[in-house]
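Peer 1: Pasting a structure below so you can have a look.
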Amino acid sequence: MTAGGGSRPLLEVDSVVKTFPAPGGGRTRAVDGVSLSIERATTVGLVGESGSGKSTLSRCVLGLQRPDSGTIRFDGVDIGTLPARELRRLRSRIQVVFQDPHGSLNRRQTVRDIIAAPMLAHRAGDRAKRAARVRELLDLVQLPQRMGERRPRELSGGQAQRVAIARALALRPEFVVLDEAVSALDVSVRAQILNLLKELQHELGLTYLFISHDLGVVRYMAHQVAVMYHGELVEHATREELFSAPRHEYTRILLEAVPVTDPARQRDRIRRLSSATTEETSP
Ligand SMILES: Nc1ncnc2c1ncn2[C@@H]1O[C@H](COP(=O)(O)OP(=O)(O)O)[C@@H](O)[C@H]1O
Ligand SMILES: [Mg+2]
């Protein structure tokens with residue numbers, strides 16, 4: 001299941017900062033000194049309002065963006081110091097599923113080709129081996145084999161997301177980032193995909209970084225929960241601790257807002273928090 005082993009966390013993020021040029025000049029601190037570790041075969045839920053830095057942090061973890069400072073260790077290896085070739089090999093062990101199931105699939109390809117694409121890119125196996133692996137993956141995500149001939153437009157949202165998951169698992173990764181992976185799905189389909197992800201974690205010993213703005217979903221999925229607010233990690237606790245005794249004011253506001261039915265009301269709460277924290281910190 002894992003190459004490394006021992007009791008060391010699979011992922012160790014240490015003091016990561018990532019900035020971008022801000023529209024009005026200066027720089028936005030999208031990720032502002034975040035430290036976080038994830039144990040093997042567990043799920044860390046990462047929550048926070050839109051723009052709090054969740055995706056930026058995940059892109060750093062995926063090796064798609066380089067932090068300004070700080071380190072990210074995967075299985076004990078600092079990914080910032082790896083030569084391109086080894087980074088590429090390491091990337092096959094870390095995969096991602098995004099929010100928009102249709103948008104992330106190539107419209108011209110069949111499901112079979114979409115799922116086989118990472119194997120082709122990494123030159124894994126020959127034609128027959130790849131075909132066999134695609135059959136296995138369709139079974140794994142509980143899609144009938146005949147779906148392999150379909151194209152993305154012929155799939156429902158849930159089916160398309162199963163294809164995205166199959167593709168993410170093609171290279172037998174140990175770590176999967178799920179960035180709002182169920183946010184675009186209807187409630188009943190969402191539950192099915194969450195259950196599938198849980199089964200896959202059990203079966204394959206996967207480690208997840210499960211990103212969502214929806215605390216209800218995170219509560220269902222995550223062993224540990226990390227809360228981001230304006231680029232900072234303001235709370236990191238076990239699911240039980242977080243939901244029974246949230247320590248940070250922003251976490252309490254998020255909890256109050258579950259389920260978030262009215263975005264305007266949530267914005268209002270966040271505004272209230274911003275002024276509350278300003279008041280608290282001013283002398
Ligand atoms: N490539 C980029 N260029 C400029 N600003 C960016 C870029 N990516 C993210 N940001 C900014 O960084 C902040 C965090 O964004 P993001 O990580 O997407 O948050 P989240 O995923 O929590 O919604 C936002 O202010 C966003 O506008
Ligand atoms: Mg995001």
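Peer 1: Which distance in nm do the two modelled labels at THR81 and GLU39 give, with both placed 7 Å along the Cα-to-Cβ direction?
Peer 2: 2.7 nm
Peer 1: As a test of the formula, what do you get for the chain when each DSSP H run with n ≥ 4 contributes -39,500 (n - 2.57) and the sum is divided by the residue count, at 222 nm and rounded to the nearest 500 deg cm²/dmol? The partial results should precede the final answer.
Peer 2: Working: 10 runs with 112 residues, N = 283.
Result for the chain: -12000 deg cm²/dmol, rounded to the nearest 500.
Peer 1: Return P(r) of the chain (all Cα-Cα pairs; 10 Å bins starting at 0; whole %; ordered from short to long distances).
Peer 2: Histogram of Cα-Cα distances, whole percents per bin: 6, 27, 34, 23, 8, 1, 0.
Peer 1: Further question on the same structure: Among 125-135, 159-169, 26-36, how do they line up from the highest to the lowest mean number of other beta-carbon atoms within 10 Å? The partial results should precede the final answer.
Peer 2: Details: 125-135: 14.0, 159-169: 24.8, 26-36: 18.1.
The packing order, highest mean first, is 159-169, 26-36, 125-135.
Peer 1: Given bins 5 angstrom wide, list per bin the percent of all Cα-Cα distances in the stretch 108-218, short to long.
Peer 2: 2, 12, 23, 23, 21, 12, 5, 1, 0
Peer 1: Solvent-accessible area per residue for the chain at a 1.4 Å probe radius, Å²?
Peer 2: Working: 14090 Å² over 283 residues.
Value for the chain: 50 Å² per residue.
Peer 1: Also, quick follow-up: How high is the relative contact order of the stretch 102-172, in percent, with contacts defined as C-alpha pairs under 8 Å that are six or more residues apart? Please list the in-between numbers first.
Peer 2: Numbers: 78 pairs, mean separation 35.4, N = 71.
RCO, the stretch 102-172: 50 percent.
Peer 1: Using only the alpha-carbon atoms of the stretch 102-172, report the extent along each of the three principal axes, biggest first, to the nearest angstrom.
Peer 2: Per principal axis, max minus min of the Cα coordinates gives 30, 20, 19 Å.
Peer 1: Quick one: how many Å² of MET221 are accessible to a 1.4 Å probe, rounded to 10?
Peer 2: 10 Å²
Peer 1: Continuing with the same structure: With +1 assigned to the C-beta of every Lys and Arg and -1 to the C-beta of every Asp and Glu, and no other charges, what is the dipole magnitude of the chain about the Cα centre in debye, to the nearest 20?
Peer 2: Details: 41 positive and 33 negative charges, 294 e Å.
Its charge dipole is roughly 1420 debye.
Peer 1: Compute the acute angle (0 to 90°) between the alpha-carbon long axis of helix 263-281 and the principal axis of greatest extent of the alpha-carbon atoms of the chain; round to the nearest 10°.
Peer 2: With both axes taken from Cα atoms, the answer is about 50 degrees.
Peer 1: Right, here's the next one. Could you please state, rounded to a whole Å, how far the C-alpha centre of the stretch 32-80 is from the C-alpha centre of the stretch 132-153?
Peer 2: With the stretch 32-80 and the stretch 132-153 each reduced to a Cα centre, they are spaced 31 Å.
Peer 1: Please find the FRET efficiency linking GLU136 to ARG27, where r is the Cβ-Cβ separation and R0 is fixed at 41 Å, and quote it to the nearest 0.05. Please report the intermediate quantities before stating the final value.
Peer 2: Details: r = 46 Å, r/R0 = 1.12.
In this case the efficiency is close to 0.35.
Peer 1: Let me ask something additional. How many percent of DSSP beta bridges within the stretch 154-242 run antiparallel, rounded to 5? Spell out each step's value before the answer.
Peer 2: Values: 6 of 11 bridges.
Roughly 55 percent of the beta bridges in the stretch 154-242 run antiparallel, per DSSP.
The values are calculated or read from the model by the stated rules, or taken from the named source; none is laboratory data. The model shown is predicted, which means the values in this text are computed figures rather than measured ones. With ideal geometry, Cβ positions are generated from the backbone for all residues, glycine too; neighbour counts draw on all protein chains shown. Only protein heavy atoms, including side chains, enter the accessible area calculation; ligands, DNA and RNA are left aside. Shrake-Rupley method; radii C 1.70, N 1.55, O 1.52, S 1.80 Å.
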